[in-house]
1. Expressed in nm to one decimal, what extension gain is obtained for the pair Leu59 and Leu124 from 0.36 nm per residue of sequence separation less their Cα-Cα distance?
2. Round to the nearest 0.05 the FRET efficiency obtained for Ala32 and Ala168 when R0 = 25 Å and r is the Cβ-Cβ distance.
3. Taking a ≥ b ≥ c as the square roots of the eigenvalues of the Cα gyration tensor of the chain, is the shape rounded (a/c under 1.5), prolate (a/b larger than b/c) or oblate?
4. Taking amide H positions as placed in the peptide plane 1.01 Å from N, state which residues far from Trp75 in sequence (5 or more) or on other chains have amide H under 5 Å from it.
5. For the chain, with all protein chains present and a 1.4 Å probe, just round the carbon and sulfur fraction of the accessible area to a whole percent.
6. Given a 1.4 angstrom probe, what's the average accessible area per residue across the range 60-105, in square angstrom?
7. Just to make sure I understand: if all protein chains stay in place, what is the order of Glu13, Glu19 by accessible area at 1.4 Å, largest first?
8. Under the rule of at least 5 residues apart or a separate chain, name every residue whose amide H is placed under 5 Å from the amide H of Asn161.
Amino acid sequence: MENHVKLYNPGVEAYPKTEIFLSNILMILWIALGTIACWLMHPLIGWLYFAFATKMVFLVLRKMVCTNCYYYAKWCSTGWGKLSCAFFKKGKIENFKTSTGIKIAPVAYGLLALVPLTLLMISLIQQYTTFKLAVLALLLSVSVYCGAISRKKACADCKMNTICPGSAA
Ligand code: SF4
């Protein structure tokens with residue numbers, strides 16, 4: 001099935017477990033900080049953000065994106081190919097590029113970053129506290145690191161980087 005698409009041959013077959021562990025810790029930290037940021041605006045918004053983020057990141061996108069990926073059932077940079085395999089049936093790699101999941105993924109990650117950042121800044125303007133400022137600094141750092149720095153490195157070694165529209169390589 002993989003023969004129908006042109007993969008990046010020098011890409012890694014399996015990413016190191018330490019890299020996979022770190023990327024999941026950072027994702028959990030991102031969701032936790034985003035939840036705190038939304039919670040500071042209103043506890044209900046915090047719960048809604050937490051439910052949306054965990055469902056999108058660990059279930060919806062894993063079904064809509066990873067089932068069509070070369071790394072389905074393999075250790076990709078996040079290990080989510082394995083996660084996807086544990087819950088969902090394999091899809092078709094030919095559908096990866098045009099799938100709905102690939103189209104909604106940037107919107108979902110954009111919302112996960114921008115909603116808590118915006119709410120936290122409004123909350124800071126309304127009432128300044130050092131705690132809010134610390135959450136903002138951490139959230140910005142984690143978002144930039146996950147969304148740009150570590151993503152660029154992971155995409156550079158990814159076999160899907162020749163066909164993935166979201167590749168940062
Ligand atoms: S490389 Fe990306 S799309 Fe492929 S299985 Fe891993 S997380 Fe999913």
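1. Full extension of this stretch gives 20.2 nm more.
2. Working: r = 24 Å, r/R0 = 0.95.
That gives a FRET efficiency of 0.55.
3. The shape class here is prolate.
4. It is Tyr15, by chain and number.
5. Heavy-atom surface of the chain belonging to carbon and sulfur, 1.4 Å probe: 72 percent.
6. Numbers: 2220 Å² over 46 residues.
That works out to 48 Å² for each residue.
7. Ranked from most to least accessible, the order is Glu13, Glu19.
8. Tyr8
The values are calculated or read from the model by the stated rules, or taken from the named source; none is laboratory data. Predicted, not measured: the structure shown is a model, and the values here were computed from it. For neighbour counting, all protein chains shown are included, and Cβ atoms are generated from backbone atoms with ideal geometry for every residue, glycine included. These area figures cover heavy atoms from the full protein model, side chains too; ligands, DNA and RNA do not enter into them. Shrake-Rupley method; radii C 1.70, N 1.55, O 1.52, S 1.80 Å.
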